[in-house]
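Visitor: Have a look at this one.
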Amino acid sequence: MLRAISTTLMRGGTSKGLFFSASDLPSEPTVRDRVLLAAMGSPDIRQIDGVGGGHPLTSKVAIVSPSHRPDADVDYLFLQIAVDKAEVSDSQNCGNMLAGVGPWAIENGLVQASGETTQVRIHMVNSGSVAVADVSTPDSLVCYEGDCQISGVPGSAAAIPISFLGITGATTGALLPTGNVIDCVNGVEVTCIDNGMPVVLMRAADFGKTGREIPSDLEKDASLKARIEQIRLAIAPRMNLGDVTKKTVPKLCLLSPPINGGSIMTQTFIPHRVHQAIGVLGAVSVATGCLLPRSVADGIAQVPAAIGNQYRANIEHPTGSFSVDLKLDTTLTPPTVTYAALIRTARKLMAGEVYVDLSTGANP
Ligand code: NQM
């Protein structure tokens with residue numbers, strides 16, 4: 001029998017997925033995950049029997065609920081729904097879907113709109129850290145239209161500035177989870193960093209790449225993909241991530257000199273597909289790596305000098321670039337990033353009910 005569940009389909013940054021109220025989903029995680037796999041149409045490379053878009057960036061779920069934390073308005077749990085496997089993972093955050101959480105929370109009565117801009121404090125359940133999003137709300141209604149353009153999304157929309165607090169080591173417990181600025185894995189020098197997203201930074205040149213290869217060509221390079229996956233599986237336990245065979249972290253980022261006047265060029269494995277752009281918290285981690293002396297980005301990155309204690313890194317990626325603002329406290333040893341901010345946009349695409357058939361659905 002088909003079951004109808006209230007949901008909203010939204011674009012958040014360069015991602016797309018379903019937004020649910022936690023109270024509309026089963027509370028038992030295995031049953032919930034079965035429902036979400038069925039809603040997305042996984043496992044199936046085309047997700048033809050569900051609303052997923054056949055790519056990890058369009059197979060995402062945000063679950064939102066009121067927060068009990070004094071420093072947050074809402075809780076946001078992100079779930080990555082695998083496309084071709086019956087797997088649902090809460091091992092990572094998603095800063096792109098995060099962009100849709102503020103508007104959704106206001107439109108669904110979890111946060112009261114007030115003034116031209118409404119601030120929504122979002123507890124990111126996956127990592128326990130807090131993000132603050134400024135949502136445009138003229139006339140006390142969410143306004144999605146605006147003139148802000150972000151790379152990887154056609155057209156323009158209302159800007160949603162987002163700042164992050166307490167994201168350093170959010171997933172692994174430390175900015176440098178292995179304890180080193182540089183590690184050597186299978187003969188390749190890497191910098192493992194977690195400023196909101198655990199990422200393994202590597203020089204593209206060490207893999208014979210220039211930074212100009214497009215994602216689909218990188219994905220066709222079977223030997224490159226195998227080398228990268230071996231590095232991921234080998235380094236993850238040393239990053240406090242354990243066995244990551246079924247996890248979507250760490251991400252792996254090939255670094256090369258900037259191509260279009262930015263700070264650095266990136267090509268990111270997420271981890272089994274190549275990102276068309278770059279993840280939000282992934283970009284924050286890369287930007288942080290660019291400021292770290294002796295990291296693998298040292299000598300490649302060109303970050304403009306700080307204004308006050310604030311840096312702006314322009315992270316280039318296959319479809320444009322992504323600006324990240326970072327504040328660095330140089331009085332601490334090692335110097336510590338105390339604040340990160342960036343701009344995203346989001347758009348409500350459709351609201352209604354998704355129909356799931358649990359008699360044929362896959363078990364996670
Ligand atoms: O790093 C893709 C995305 C992401 C994650 C991924 C993200 C982030 O672009 O915060 O947004 O790295 O799997 O949505």
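The values are calculated or read from the model by the stated rules, or taken from the named source; none is laboratory data. Quick caveat: nothing in here was measured; it's all calculated off a predicted structure. Neighbour counts run over all protein chains shown; Cβ positions are idealised from the backbone, glycine included. Just the protein is used for accessible areas: all its heavy atoms, side chains included, with ligands, DNA and RNA removed. Shrake-Rupley method; radii C 1.70, N 1.55, O 1.52, S 1.80 Å.
Visitor: If you go through the stretch 287-305 one residue at a time, do you hit one that is free of Cβ contacts under 8 Å to residues at least 24 places away in the same chain and either hydroxyl-bearing (S, T, Y) or more than 22 Å from I182 (Cα to Cα) (or both)?
Guide: Yes, the stretch 287-305 contains at least one residue that is free of Cβ contacts under 8 Å to residues at least 24 places away in the same chain and either hydroxyl-bearing (S, T, Y) or more than 22 Å from I182 (Cα to Cα) (or both).
Every residue, every condition in (1) within 15 Å of the ligand (Cβ to nearest atom); (2) over 28 Å from A158 (Cβ atoms), yes or no:
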position: M1; (1), (2): no, yes
position: L37; (1), (2): no, yes
position: H55; (1), (2): yes, no
position: T58; (1), (2): yes, no
position: A62; (1), (2): yes, no
position: A86; (1), (2): no, yes
position: D90; (1), (2): yes, yes
position: N93; (1), (2): yes, no
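Visitor: Moving on. S151: surrounded by fewer than 18 Cβ atoms within 10 Å (Cβ to Cβ) and either at positive phi or in the same structural domain as M197 (by TED's automatic domain parsing) (or both), yes or no?
Guide: Answer is no for this residue.
Visitor: Another one. Which is open to solvent by less than 10 Å² (accessible area, probe 1.4 Å) and over 17 Å from A204 (Cβ atoms), of V284, V274, V303?
Guide: V284
Visitor: Is there a residue being free of Cβ contacts under 8 Å to residues at least 12 places away in the same chain, open to solvent by 20 Å² or more (accessible area, probe 1.4 Å) and closer than 24 Å to S321 by Cα anywhere in the stretch 130-138?
Guide: No - not one qualifying residue is present in the stretch 130-138.
Visitor: Given the structure, is S23 at pLDDT 95 or above, of a type in the set (S, T, N, Q), open to solvent by 30 Å² or more (accessible area, probe 1.4 Å) and out of contact with any helix residue (DSSP H, G or I) (no Cβ under 9 Å at 6 or more places or on another chain)?
Guide: yes
Per-residue answers, yes or no, for (1) touching a Lys or Arg at 6+ places or on another chain (Cβ under 9 Å); (2) crowded, with 21+ Cβ neighbours inside 10 Å; (3) under 24 Å from G320 (Cβ atoms):
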{"site": "A174", "(1), (2), (3)": "no, no, no"}
{"site": "G179", "(1), (2), (3)": "yes, no, no"}
{"site": "C184", "(1), (2), (3)": "no, no, no"}
{"site": "T210", "(1), (2), (3)": "no, no, yes"}
{"site": "N240", "(1), (2), (3)": "no, no, no"}
{"site": "P258", "(1), (2), (3)": "no, no, yes"}
{"site": "F269", "(1), (2), (3)": "yes, yes, yes"}
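Visitor: Still on this structure, I have one more. Which of the residues that make up the stretch 97-113 are closer than 10 Å to L141 by Cα and open to solvent by 70 Å² or more (accessible area, probe 1.4 Å)?
Guide: Listed by number, the residues that qualify are E107, Q112.
Visitor: Could you check the stretch 265-289 and list, in sequence order, the residues that are more than 10 Å from the ligand (Cβ to nearest atom) and part of a strand (DSSP E or B)?
Guide: Within the stretch 265-289, M265, T266, Q267, V274 meet the criteria.
Visitor: So, K209, is that one away from the ligand (no atom under 16 Å from the Cβ), basic (K, R), touching a strand residue (DSSP E or B) at 6+ places or on another chain (Cβ under 8 Å) and more than 20 Å from G169 (Cβ to Cβ) or not?
Guide: In short, yes.
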